[in-house]
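The values are calculated or read from the model by the stated rules, or taken from the named source; none is laboratory data. This one's a predicted model, so the numbers in the text were calculated from it and none came from an experiment. Here the Cβ is made from the backbone with ideal geometry for all residues, glycine too, and neighbour counts use every protein chain on show. Side chains included, ligands, DNA and RNA excluded: accessible areas come from the protein's heavy atoms. Shrake-Rupley method; radii C 1.70, N 1.55, O 1.52, S 1.80 Å.
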Amino acid sequence: MLKLFKKVFGTKYDRDVKAYQPIIDEINDNFENYQSLSNDDLRNKSIEFRARIAEHLKGIDEDIDGLNKEVEAETDMNAKEELYKEIDEAKKERDKHLENILKEILPEAFAVVKETCRRFSTNSEV
């Protein structure tokens, strides 16, 4: 019975491979492209990633900053409490946006690390 179940649905390993294979393919494509980058260009990829993350979160960060300024100016405690709830919700939303952009950048970042490791492992001038 177990063998039939595995044949129909596959093993956990098979399902994992199927789920991760597109990401692995994207990492390998980026890895091949990054081999032609100079060391400085490869190093600057981290700065590029940070800038992309900041740009992606720019709007929601501005909203949170605006809410924080409203809290500082507010004197009514009930109104402050409502603003704090809005800030908490905005921070949860920011976390979702952050997770999305990190997932988007993941294959590129992994390829940068992979290429950096390759260069260190083949570098005879340690």
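In the set Glu72, Glu86, only one residue is out of contact with any Lys or Arg (no Cβ under 8 Å at 6 or more places or on another chain), at pLDDT 95 or above and not hydroxyl-bearing (Ser, Thr, Tyr); that residue is Glu86. Restricting attention to the stretch 90-108, the residues being among the small types (Gly, Ala, Ser) and either on the phi > 0 side of the Ramachandran plot or surrounded by fewer than 16 Cβ atoms within 10 Å (Cβ to Cβ) (or both) number 0.
A residue that is touching a residue at least 40 places away in the same chain (Cβ under 8 Å) and assigned to a loop (DSSP other than H, G, I, E, B) can be found somewhere in the stretch 24-42.
Taking the condition open to solvent by 80 Å² or more (accessible area, probe 1.4 Å) and either at positive phi or among the basic types (Lys, Arg) (or both), does Arg50 pass? Show your work before the answer.
Numbers: open to solvent by 80 Å² or more (accessible area, probe 1.4 Å): yes; either at positive phi or among the basic types (Lys, Arg) (or both): yes.
In short, yes.
All of Asn78, Asn39 fail the test of being touching a helix residue (DSSP H, G or I) at 6+ places or on another chain (Cβ under 8 Å), open to solvent by 80 Å² or more (accessible area, probe 1.4 Å) and at pLDDT below 95, apart from Asn39. Report whether or not Ile64 is without any contact (Cβ under 8 Å) to a residue 24 or more places away in the chain, among the β-branched types (Val, Ile, Thr) and in a helix (DSSP H, G or I). No. Here's a check for you: in the stretch 1-35, which residue that is hydroxyl-bearing (Ser, Thr, Tyr) and open to solvent by 100 Å² or more (accessible area, probe 1.4 Å) is modelled with the lowest pLDDT? Here the residue is Tyr13.
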